[in-house]
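Reading through the structure tokens given below for one structure.
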Amino acid sequence: MVFFRSVSLLSKLRSRAVRQPNLSNSVRWLQIQTSSPDLDLRSQLKDLIPEQQDRLKKLKSEHGKVQLGNITVDMVLGGMRGMTGLLWETSLLDPDEGIRFRGLSIPECQKLLPSAKPSGEPMPEGLLWLLLTGKVPTKEQADSLSEELRSRATIPDHVFKTIEALPVTAHPMTQFATGVMALQVQSEFQKAYEKGIHKSKFWEPTYEDSLNLIAQLPTVASYVYRRIYKNGQTIPMDDSLDYGGNFAHMLGFDNPEMKELMRLYVTIHTDHEGGNVSAHTGHLVASALSDPYLSFAAALNGLAGPLHGLANQEVLLWIKSVVEECGENITKEQLKDYVWKTLNGGKVVPGFGHGVLRKTDPRYTCQREFALKHLPNDPLFQLVSKLYEVVPPILLELGKVKNPWPNVDAHSGVLLNHYGLTEARYYTVLFGVSRAIGICSQLIWDRALGLPLERPKSVTMEWLENYCKKAAA
Ligand code: NMX
Ligand code: MLT
């Protein structure tokens with residue numbers, strides 16, 4: 001009874017905190033003291049850290065000199081493809097099977113992670129819990145994390161003013177990354193470092209920054225969306241909604257199916273092991289002890305490239321250009337011609353291929369299943385299905401493409417478009433909100449494990465030529 005009373009007191013304080021920004025920190029600390037440790041992510045993490053630190057120490061001392069493979073000149077010249085060089089605990093990518101988050105495949109996550117509605121899509125806050133602790137949370141734990149994220153979501157006013165300083169025509173990713181840089185002003189890590197915090201405690205303000213950042217991103221992202229596309233009319237957070245549901249709501253989409261799509265979308269885009277451009281950038285920048293805001297803003301700038309996260313924008317624009325030129329009922333022959341025209345124009349077919357994957361991306365497959373369930377007759381979905389048949393044989397015919405199959409970005413746009421989020425230039429921002437969950441989870445572990453500054457060796461062409469001559473002699 002006493003527990004329930006304190007929970008209800010806490011919710012009252014939290015809803016006041018949303019209106020009164022200055023209260024939010026004290027409310028958060030109150031939560032840490034009053035909620036049961038089982039429901040508190042930070043307490044769970046604190047218990048796990050010592051055993052993982054010991055594990056890393058043992059790995060280093062017992063196996064530090066074991067070789068993981070040879071580095072070839074091709075790898076150095078070929079974007080480090082196939083070179084194992086990073087520690088990334090939160091997820092692992094198998095070229096054929098796709099991503100596993102802490103050992104769980106996407107279908108397993110869909111089955112095991114808590115959902116906002118019965119048999120619904122997984123909640124991103126459940127995945128955040130899983131990435132950080134390696135454990136599947138209960139529904140109560142996911143709900144408690146939802147509530148905690150809402151309590152951390154208040155945005156200082158200067159962030160909006162900073163975004164407003166940019167022309168409204170600036171790319172949504174530019175506006176979003178600028179908003180993240182403006183949030184950095186509140187970094188707990190930076191303040192603690194300036195005060196001389198001991199390195200054994202680095203993970204604690206990193207955790208605070210990471211949860212604040214993850215909590216605040218949907219508000220910043222929807223601010224950018226509403227500013228550019230809806231005359232600046234923003235929609236406040238709904239305290240009764242979970243993370244994904246609230247994000248859809250603040251963007252202006254209250255269709256329950258769109259909320260489910262957003263939960264799935266945010267969950268599957270979170271993490272893709274450590275070597276992808278955004279995760280690797282975030283990790284590299286963070287290795288200099290830059291705080292989570294600085295590191296994540298850098299990651300976003302990598303995500304904004306067309307070969308990486310911007311591909312979701314490119315896919316929908318490309319699909320719409322196909323429709324504009326050939327109509328919705330395009331034949332497979334016409335589609336083949338269009339694909340060849342793209343390739344002959346020296347462009348890539350967006351949404352196909354991958355740096356590591358060698359089969360269809362399971363993130364594509366689960367979005368396809370969502371479409372088959374909810375929008376089987378959508379004309380653009382049918383076009384995406386046709387592309388699945390037409391594009392891979394053509395890419396194989398080129399003879400150089402290592403993976404002709406579709407990736408995550410080949411599908412996401414048509415789903416969003418179906419529910420009314422038609423502005424393709426905005427799509428990478430959604431990817432960015434999601435990717436923060438993976439990057440920040442690993443960043444907290446980087447600090448807990450005391451991972452060092454990242455600094456690989458580079459060489460010149462002359463160095464390589466001389467080395468190869470000597471090796472051949
Ligand atoms: N369309 C045309 N050419 C392609 C494609 C494609 N979809 N995929 C690979 N190639 C080309 C590639 O440009 C390269 O050509 P060149 O030797 O003339 O430079 C050649 O095939 C070999 O590339 P791969 O080794 O197969 O692929 P790599 O690992 O270098 O690149 C991607 C991976 C994802 C950058 C590449 O497949 C691509 O550009 N895809 C289209 C863009 C895209 O969908 N990106 C999103 C990836 C997922 N994400 O969200 O980040
Ligand atoms: C990602 O999700 O980061 C992309 O699939 C790219 C990658 O893994 O390299």
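Fully extended, how many nm does the chain gain between residue 58 and residue 231 (0.36 nm per residue separation, minus their Cα-Cα distance)?
On the way: separation 173, 0.36 × 173 = 62.28 nm, distance 5.68 nm.
Contour length minus Cα-Cα distance gives 56.6 nm.
Could you state the accessible area per residue of the stretch 94-171 in Å², with a 1.4 Å probe and every protein chain left in place?
Working: 3170 Å² over 78 residues.
That works out to 41 Å² for each residue.
Can you give me the P(r) profile for the stretch 344-472? Cα pairs, bins 10 angstrom wide beginning at 0, each as a whole percent.
10, 27, 26, 21, 12, 4, 0
Given the whole protein assembly as supplied and a 1.4 Å probe, what does the accessible area of residue 149 come to in Å², nearest 10?
10
Bin by bin, in steps of 5 Å, what percent of the Cα pairs in the stretch 311-419 do you find, going until the bin that has the longest distance?
Using 5 Å bins, I get a P(r) of 2, 13, 25, 27, 21, 10, 3, 0 for the stretch 311-419.
What percent do you get for the relative contact order of the chain when only Cα pairs under 8 Å and 6+ apart count?
On the way: 633 pairs, mean separation 93.1, N = 473.
Here the relative contact order equals 20 percent.
Computed over the Cα atoms, what is the radius of gyration of the stretch 404-473 divided by 2.2 N^0.38 Å, N being its residue count?
So the stretch 404-473 has a normalised radius of gyration of 1.96.
Give me the accessible area of residue 164, 1.4 Å probe, in Å² rounded to the nearest 10.
Counting only protein heavy atoms, the figure is 90 Å².
For residue 254 and residue 168, FRET efficiency with R0 = 22 Å and r from the beta-carbon atoms, rounded to 0.05?
The value I calculate is 0.35.
Helix by helix through the chain, keep the DSSP H runs that span 27 Å or more along the axis on Cα and average at least 0.5 on Kyte-Doolittle, and give those back in order. Don't jump to the answer; show the numbers that get you there.
Values: long enough: 41-63 (32 Å, -1.39); 203-229 (38 Å, -0.24); 379-398 (28 Å, 1.07); 427-449 (34 Å, 0.91).
Going by DSSP H runs, the hits are 379-398, 427-449.
May I have the pair-distance distribution P(r) for the stretch 51-148, computed from all Cα-Cα distances with 10 Å bins from 0 and rounded to whole percent?
Reading the bins upward from 0: 13, 31, 28, 19, 8, 0.
Averaged per residue, what accessible surface does the stretch 345-400 expose to a 1.4 Å probe, in Å²?
46
Taking just the C-alpha trace of the chain, give me its Rg and Dmax in Å.
Answer for the chain, Rg first and Dmax second: 22.9, 81 Å.
Tell me the label-point distance for the pair residue 358, residue 464, using the 7 Å Cα-to-Cβ offset, in nm and rounded to one decimal.
Rounded to a tenth, the inter-label distance reads 2.3 nm.
If DNA, RNA and ligands are ignored and the probe is 1.4 Å, what is the ranking of 160, 431 by accessible area, most exposed first?
Most to least solvent-accessible, the answer reads 160, 431.
Let me check I've understood the local charge: for residue 423, count other residues with C-beta under 15 angstrom from its C-beta, Lys and Arg +1, Asp and Glu -1. What total comes out?
+4
For the stretch 32-87, what % of the accessible area comes from carbon and sulfur atoms, probe 1.4 Å?
Within the stretch 32-87, the accessible surface is 53 percent carbon and sulfur.
Going by Cα centres, the stretch 412-473 and the stretch 235-265 are how many Å apart?
Between the Cα centres of the stretch 412-473 and the stretch 235-265 lies a distance of 28 Å.
For the stretch 174-229 and the stretch 90-159, what is the separation of their C-alpha centers, rounded to whole Å?
20
Hey, any idea what % of the stretch 189-229's accessible area is carbon plus sulfur with a 1.4 Å probe?
Roughly 51 percent, rounded to a whole number.
On a full-extension model of 0.36 nm per residue, what is the gain between residue 74 and residue 307, subtracting their alpha-carbon distance, rounded to one decimal in nm? Please report the intermediate quantities before stating the final value.
Working: separation 233, 0.36 × 233 = 83.88 nm, distance 2.04 nm.
Difference between extended and current length: 81.8 nm.
First compute the accessible area of the stretch 311-419 with a 1.4 Å probe, then give the percent of it belonging to carbon and sulfur atoms.
So the carbon and sulfur contribution to the accessible surface is 52 percent.
Rounded to the nearest 500, what is the 222 nm mean residue ellipticity of the chain from helices alone, with -39500 (n - 2.57) per DSSP H run of 4+ residues and division by all residues?
Value at 222 nm, helices only, nearest 500: -20000 deg cm²/dmol.
Residue 454 accessible area, nearest 10 Å², 1.4 Å probe?
40
If R0 is 51 Å, what FRET efficiency do you get for residue 471 and residue 139 from their C-beta distance, rounded to 0.05? Intermediate values should be presented prior to the final figure.
Values: r = 59 Å, r/R0 = 1.15.
For residue 471 and residue 139, the calculated efficiency is 0.30.
Computed over the Cα atoms of the stretch 169-313, what is the ratio Rg over Rh, Rh following Kirkwood?
Value, to two decimals: 0.98.
Over the residues of the stretch 56-110, compute the C-alpha Rg and express it relative to 2.2 N^0.38 Å. Provide the component values of the computation, followed by the final result.
Values: Rg = 14.7 Å, N = 55, 2.2 N^0.38 = 10.1 Å.
Relative to the rule-of-thumb radius for its length, the stretch 56-110 sits at 1.46.
Calculate the FRET efficiency for residue 457 and residue 333 from the Cβ-Cβ distance with a Förster distance of 56 Å, rounded to the nearest 0.05.
0.65
The values are calculated or read from the model by the stated rules, or taken from the named source; none is laboratory data. Because the structure is predicted, anything quoted here is derived from the model rather than measured. Every residue, glycine as well, gets a Cβ built from its backbone with ideal geometry; the counts of neighbours run over all protein chains shown. Heads up: the accessible areas ignore ligands, DNA and RNA and are worked out on the full protein's heavy atoms, side chains in. Shrake-Rupley method; radii C 1.70, N 1.55, O 1.52, S 1.80 Å.
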